[in-house]
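> Quick one: the structure is below, questions incoming.
Values quoted throughout were computed directly from the atomic coordinates according to the rules given, and no laboratory measurement underlies them. Everything numeric here is computed off the predicted structure, so don't read it as measured data. So basically every Cβ, Gly included, is an ideal-geometry build from the backbone, and we count neighbours across all protein chains shown.
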Amino acid sequence: MSTVIANAVLRPADDKVILRKSGCIVQSAQYEYSSVYEDLNNNNLIDMPGDLGNGNATITPYFGDSKILFTGLIHCGHQTTWRTNFFRTFYRINSGSWTQFYGGFGSNLYSGTNSMSQTIKCSYLVSPSYSAGNSIGFKIQHIGHANGGHLHLNQINLSNSTANNNVINAHSKIYLQEVAQ
Amino acid sequence: MAKLKVNGVTDTSGNQYGFRNGQIIQVRNYLYTDIYEDTTTSERDLPGILGNGLAGIKTHSNRNHIQFEATIHAGQNDTWRTTGFRVYWRVGQSGSWNALNSANFTSTTYIQGSHGHSRSTSTIAQFDPVAGSSASVGDNVYFKISFEGHNDGNGLHINKNHSSNTTAQENSYSFASTMTLSELWRDS
């Protein structure tokens, strides 16, 4: 096998760098949940269902000093009158303990008609301390406002209905990208 | 011009870089900046490049995956608007469209008795265009987005925004609704 060792690869015309490591997104992974899920306990802090909260959402960086661009994408449904949902985000190394990071986000919906829906998407660059070969797992927790905090994950009707439908088959997800340094 | 063919490129510390599984190797971006309003509630395609089926990306290998991203600026007139957005793809300019449900998303904007408000919503999804299709090296993979309004709050007002209480068709803050397509390298 032939291997070229270099700090940069340049093109011949003007010596511009065409291949490098620093700052590049070198791998991506997505973990999805598409069922309708409801939690009607307002202030109850819970792990999100499926791969959003069970620790299955992992990425094993190619390099020992990379950062992880975490993106949470949640489809928040609604039933009259209003819903406010908050989401906390955590990571862990291999099967270690969970560490909360500044990557939380929230959703607010208000209407007398049922089945508003809002997609919330937030991205954070996380800098966990890990060793090469480690797996980095992520999860999301939910808690609702005390007076209107029911969660209606992926409940999308596009009509005045409280049915547990996802009429556009949207997927909530954790999307992970390794950013080389 | 001479080409150098190698199986790997490493830095001077021995770390491999260059193309590896999941690396982004090209990005295409499409913008729509006009204001578009529609009062129907049934599903229809978004205007311009977002829905006409011409937004595409040509992959370098039929093993590679595509990362789809979109941002829509959904405006509002009194009182509220809820819209569902569906994403579709196909190989080439003919044939039927395939649903990319993983990328579908929604938006809601609600202010009682006031106009001109706007909500930005976005999505991201990764998929394999070869799975279940006849895509091959050098094929263009095209995308489009459709929309469907809530029965009781119909009306799409894409890119409409104003800091005054007005229904005027103005894009006061130069919003651009976008579609971004990235090719992800796959070894196998």
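> Indicate, rounded to the nearest 5 percent, the antiparallel portion of the DSSP beta bridges found entirely in the protein assembly as shown.
95 percent
> What average count of beta carbons from other chains do you get within 10 Å of the Cβ of residues in A:68-77?
Mean number of neighbouring Cβ atoms from other chains: 2.
> Taking the convex hull of the Cα atoms, report for the protein assembly as shown its projected area averaged over all directions, in nm².
Mean orientational projected area (the protein assembly as shown, Cα hull): 20.6 nm².
> Right, something else. Could you bin all the Cα-Cα distances of the stretch B:26-184 into 5 Å bins starting at 0 and give me the percent of pairs in each, rounded to whole numbers?
Histogramming the stretch B:26-184 at 5 Å steps yields 2, 10, 19, 21, 17, 12, 9, 6, 3, 1, 0 percent.
> While we're on this one: Arrange the following residues from fewest to most other Cβ atoms within 10 Å of their Cβ: B:L50, A:L10.
The order, fewest Cβ neighbours first, is A:L10, B:L50.
> Can you pull out the GluC sites (Glu not before Pro) in the stretch B:11-80 whose DSSP state is coil and whose Cβ has at most 14 other Cβ atoms within 10 Å?
B:E43
> Could I ask something else about it? For chain B, set up a GNM with springs between Cα atoms under 10 Å and report which of B:G84, B:G14, B:G22 has the largest fluctuation.
Of B:G84, B:G14, B:G22, the Gaussian network model singles out B:G14 as fluctuating most.
> How long are the three semi-axes of the equivalent ellipsoid for chain A, computed from the Cα gyration tensor as the root of 5 times each eigenvalue, in whole Å, largest first?
Each semi-axis is the square root of five times an eigenvalue, giving 39, 18, 13 Å.
> OK, next. Counting Lys and Arg as +1 and Asp and Glu as -1, what is the net charge of the other residues whose Cβ lies under 15 Å from the Cβ of A:K21?
0
> Still on this structure, please answer the following. From the backbone phi of the stretch B:141-149, what are the Karplus-calculated ³J(HN,Hα) couplings (6.51 cos²θ - 1.76 cosθ + 1.60, θ = phi - 60°) in whole Hz, Gly and Pro given as x?
In residue order, the calculated couplings are 10, 10, 9, 8, 10, 10, 9, 8, x Hz.
> Pop the C-beta distance of B:S174 and B:N7 into the FRET formula with R0 = 41 Å and round what comes out to the nearest 0.05.
0.30
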